[in-house]
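Below: one structure, written as structure tokens.
Only the coordinates and a few stated rules stand behind these numbers; no lab work does. Since we're looking at a predicted model, the values are computed, not measured. Note: ideal-geometry Cβ built from the backbone for every residue, glycine included; neighbour counts use all protein chains shown.
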Amino acid sequence: MNVAQMTVKSDEYRIEEGKRSLIHDPLDGDNTKIMLVRARGSYVWDDKGNRYLDCTSQAWSNNLGANDPRVVEAAIAQLREITHARPNFNTKPLLTLTSKLRDLAPGDLHRIGYALHGSLAVEMAMKLALKNRPHAQNIIVLQDAYHGRSITTMAASWPHPNNPFLSLQPRFTRVPHPDPYRPRLGLDPETDVQLCLSLLEDTIDRGVDGGVAAIMMEPIMGNGGHIVLPLSYLQGVRDICDRRGILLIWDEIQSCFGRTGKMFAADFYGIVPDIMTFGKGIGGGFPLAGIFASEKLNKFDSGEDALTFGSFPVAMAAAVATVDAIIEDNLCDKAHELGEYATARLHKMAKHRKLIGDVRGPGLFVSAELVKDRETKEPARTAASEVYRRGVDRGVLFGESRYAGLGNLIKIKPPLDCSMEDMAHALDVFDEVLGSIEADGIA
């Protein structure tokens, strides 16, 4: 490489060359991507000066609005002190955050560990479960689960189409779960719950070799289709784990820190798992995730779990400011209020927008499932993709479920401090977009 050559390329050339060099994009780049240059609160701006109302919270990560000054200043202050410490050293933001999280933790989940993203937090939870159940060989997951994109957490998630990594991936046992919108065999939802609980116990008894260390689940299923698992099912799984000495892992990476209208889904449902992951909304836009674990569990021994940047001091300082702001600004209550308004509007909208098959919460965990026909409930995947595209044209970023055009949900999950006026505008645009799609005959 000619080092001098690096000094003659313009900024514009660098941008275009960068687009052509990303391993996740085509060789000629992906010009459908919006290039973001600024964010504040519920809004983001692109390089052309366009402003968008962000109903994705950037992958549901900005529970506190983007670039909150309190978070930015906390991060800058930490940058001036120490930016990196390996995991066998403590730092002030690490210990401060851990103490604050202990105060917020459901039940006895007072042991806390950290990672930089959700997939590794889930892997940490699985490792801790296996360590504490050394004679068990299996972890059971749900069929439409989503736990991440690492080579291990992909295997624990809903089946990836044409998965090229199977030869190296561990195997998980997937079990059916209830879906209140699509109960099996025409059953009523509660009968479907009891059927799924019975099938779970049958799988534990006759479907695995080597015993079950843990059952891992999202209390509200996210990427796999925003399936709101009934309370009776969540209680039933907790009971099965208690009776059989199996650990219960709740993956709360999408539902934590106020998104449901409570600090955690565990608080919303009144159920305490043995291990609970967290991530996304804690960092105020900085990378941070981790686990809460019961005091009854044995800790990791030396070398069993360590990440060079797992306790990144800048992210820790940002998280302290974020958690404080969520509490000080009463954002759990705000999420509940906005969610009630949004779901009420969507139910009203469904009376004249036939694409809407179902509306879901709770809190600002809001979505609408789009269907071609309300009787057959056939997913309207093309319409869902079109909602995103037409929303962009109107300055609103709506979220989708799954990926690669496989989902049919539209997610409306802005930051928890989104204004009522902005939420109303997002819903107005959604209504307008659905009307244009229906007029064009797209489903």
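Scanning the chain for long hydrophobic helices, with DSSP H runs required to stretch 27 angstrom or more by C-alpha along their axis and to average at least -0.5 on the Kyte-Doolittle scale, returns 420-439. The lysines within cross-link reach of Lys354, meaning a Cα-to-Cα straight distance under 24 Å and a gap of 8 or more places when in the same chain, are Lys372, Lys377, Lys411, Lys413.
Once both labels are positioned 7 Å from their Cα atoms along Cα-to-Cβ, the gap between Tyr341 and Tyr403 label points is 3.3 nm. Shape class of the stretch 53-116 from the Cα gyration tensor (axes a ≥ b ≥ c, square roots of the eigenvalues): oblate, since a/c reaches 1.5 or more and a/b does not exceed b/c. Extending 7 Å from Cα along the Cβ direction at Leu130 and again at Tyr388 yields two label points whose distance is 3.3 nm.
So, with +1 on the Cβ of K and R and -1 on the Cβ of D and E, and no other charges, what is the size of the charge dipole of the stretch 304-443 about its Cα centre, to the nearest 20 debye?
680
Using +1 at the Cβ of each Lys and Arg and -1 at the Cβ of each Asp and Glu in the chain, identify which of Ala335, Gln169, Thr56 lies farthest towards the dipole's positive end. Ranked along the dipole, the leading option is Gln169. Given in Å, the Rg to one decimal and the Dmax to the nearest whole number for the Cα atoms of the stretch 361-412 are 11.1, 33.
What Kirkwood radius, in Å to one decimal, follows from the Cα pairs of the stretch 69-328?
19.0
Once the mean of 1/r is taken over each pair of separate Cα atoms and inverted, the chain shows a Kirkwood hydrodynamic radius of 23.0 Å. A DSSP coil position with no more than 15 other Cβ atoms inside 10 Å describes the following chymotrypsin sites (Phe, Trp or Tyr not before Pro) in the stretch 361-435: Tyr403. Partner aspartates and glutamates whose Cα lies under 12 Å from the Cα of Lys351, excluding those fewer than 8 positions away in the same chain, are identified as Asp431. Here the residues Glu218, Glu12, ranked from fewest to most Cβ neighbours within 10 Å of their Cβ, fall in the order Glu12, Glu218. Restricting the trypsin sites (Lys or Arg not before Pro) of the stretch 313-371 to loop positions (DSSP other than H, G, I, E, B) with no more than 16 neighbouring Cβ atoms within 10 Å leaves Lys351, Lys354. For the stretch 154-161, the Karplus equation 6.51 cos²θ - 1.76 cosθ + 1.60, evaluated at θ = phi - 60°, returns couplings of 4, 5, 8, 9, 4, x, 6, x Hz by residue, with Gly and Pro reported as x. Here the dipole of the chain is about 560 debye; that uses its Cα centre as origin and unit charges on the Cβ of Lys and Arg (positive) and Asp and Glu (negative). The charge dipole of the stretch 47-185, taken about its Cα centre with unit charges on the Cβ of Lys, Arg, Asp and Glu (plus for the first two, minus for the last two), comes to roughly 360 debye. May I ask you to list the aspartates and glutamates whose Cα is less than 16 Å away from that of Lys48, ignoring any residue fewer than eight positions away on the same chain? Output for Lys48: Asp11, Glu12, Glu16, Asp393. Which of the three applies to the stretch 266-336, rounded, prolate or oblate, going by the alpha-carbon gyration tensor with a ≥ b ≥ c and a/c under 1.5 meaning rounded? Oblate, because a/c is 1.5 or more while a/b does not exceed b/c. Under the simplified labelling scheme, the Ser198-Phe300 pair shows an inter-label distance of 4.2 nm, with each label point 7 Å from Cα along Cα→Cβ.
Considering only Asp431, Asp144, Asp30, the Gaussian network model of the chain with Cα springs below 10 Å gives its largest mean-square fluctuation to Asp30.
For the stretch 69-328, lysine pairs with C-alpha atoms less than 24 angstrom apart, excluding pairs fewer than eight positions apart on the same chain, total 13.
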